[in-house]
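One structure below.
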Amino acid sequence: MKNVLIEQEKNGATWIVINRENKRNAINFEVIEELNIALTKAENDNSGIVIITGAGDRAFCSGGDLECFRDLKTKEEASGMLTQMGNILERLMFFPKITVAALNGTAVGGGCELSMACDFRVAAPHVKMGFVQGKLGITTGWGGGTILLQKIAKVRAMEMLLSANIYSIDTLVEIGVVNKIINDPFHEGVMGWISSFIDNVEVQKSYKARLLDNVDRQLISQNMKREIEQCASLWESDAHHEAVERFLKGPK
């Protein structure tokens, strides 16, 4: 695999790295396929914690690769891609091991959705995040809005979704999106933070099971599917396609 790298630390943590630094670690069809493979490997290895991050230090994940997905014009065409990535997020949401989004750089759009599907989010001091989908004439398309509403106060979640604003690291910590700010060196800092957890895989997995006992998986899955369908409907609108073209052309 070249778009997604996987590496297991000696102390029992598995890193999954989106490896498209020159594209700000944007998601394309190859990344979706390789993320599924990486998650299967991580689920079956002897680690207790899975860490998802991006290559470099500029972006954790910039969401969907608009250059790749701009050719998806209809609801049906968009639905296939949205559902595939939605399945990744649902898999992460209910993953049997502890999951951590290590935010090495900015996360916007689908990158925010991906991070929220993890149990914890730790971030470098320069990180910013924003659910910017509304500025492209669509809603969260991978089920991340449903997940966000599960993870932080609903009023705060709605504010993030409706404003489509970019939030600073201090605000992200304040509202409970980010659990810990990690200073350089980032990789070592993340591992240092994880070292505070009990070093017993079975204990870690047991507590993750208790966490999952407290959520209604059927309801969340159902709501994520409704969210994906709504985004697919908006995807085929002229407003979305025009916004994508403006974005790709960049500022005048």
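Read the figures in this text as sums done on the coordinates, not as results from a lab. Computed from a predicted model, the values in this text were never measured in an experiment. All Cβ positions, even for glycine, are placed from backbone atoms using ideal geometry, and neighbour counts span all protein chains on display.
If a spin label sat at a point 7 angstrom from the Cα of Asn165 along the line to its beta carbon, the backbone N atoms of segment 66-108 nearer than 19 Å would be those of 106-108. Within the chain, antiparallel bridges make up roughly 20 percent of the DSSP beta bridges whose residues both belong there. Backbone amide hydrogens, once placed in the peptide plane, bring Ala59 within less than 5 Å of Thr106, excluding anything fewer than 5 places away on its chain.
Counting Lys and Arg as +1 and Asp and Glu as -1, each charge on the Cβ, what is the dipole of segment 4-194 about the Cα centre in debye, to the nearest 20? Spell out each step's value before the answer.
On the way: 18 positive and 22 negative charges, 94 e Å.
Dipole size: approximately 460 debye.
Most tightly packed first, judged by the mean number of other beta-carbon atoms within 10 Å of their residues, the peptides 155-166, 99-110, 15-26 read 99-110, 15-26, 155-166. Report the rotationally averaged projected area of the chain based on its alpha-carbon convex hull, in square nanometres. Value for the chain: 12.9 nm². In the chain, the DSSP-assigned H stretches of four residues or longer account for a calculated mean residue ellipticity at 222 nm of -15000 deg cm²/dmol, using -39500 (n - 2.57) per stretch and the full residue count as denominator. Which of the three applies to segment 164-252, rounded, prolate or oblate, going by the alpha-carbon gyration tensor with a ≥ b ≥ c and a/c under 1.5 meaning rounded? Oblate shape, in that a/c is at least 1.5 and b/c is the bigger or equal ratio. I'd like the distance separating the alpha-carbon centroids of segment 172-189 and segment 194-213, in whole Å. Answer, in whole Å: 20. A simple packing score, the average count of other Cβ atoms within 10 Å per residue, orders the peptides 57-68, 173-184 as 57-68, 173-184, with the highest score first. Would you mind checking Lys73/Lys154; Lys97/Lys225; Lys73/Lys249; Lys128/Lys208 for any pair whose Cα atoms are more than 21 angstrom apart? Correct reply: Lys73/Lys154; Lys97/Lys225; Lys128/Lys208. Derived scalar couplings between HN and Hα for segment 69-84 equal 8, 5, 7, 7, 9, 9, 4, 5, 5, 5, 4, x, 5, 4, 5, 4 Hz in order, rounded to whole Hz, by the Karplus curve 6.51 cos²θ - 1.76 cosθ + 1.60 (θ = phi - 60°), x for Gly and Pro.
Using the beta-carbon distance between Asn179 and Met1 and R0 = 25 Å, what value does 1/(1 + (r/R0)^6) give for FRET efficiency, to the nearest 0.05? If you can, show how the numbers build up before the last one.
On the way: r = 28 Å, r/R0 = 1.14.
Step by step, r from the Cβ atoms, then E = 0.30.
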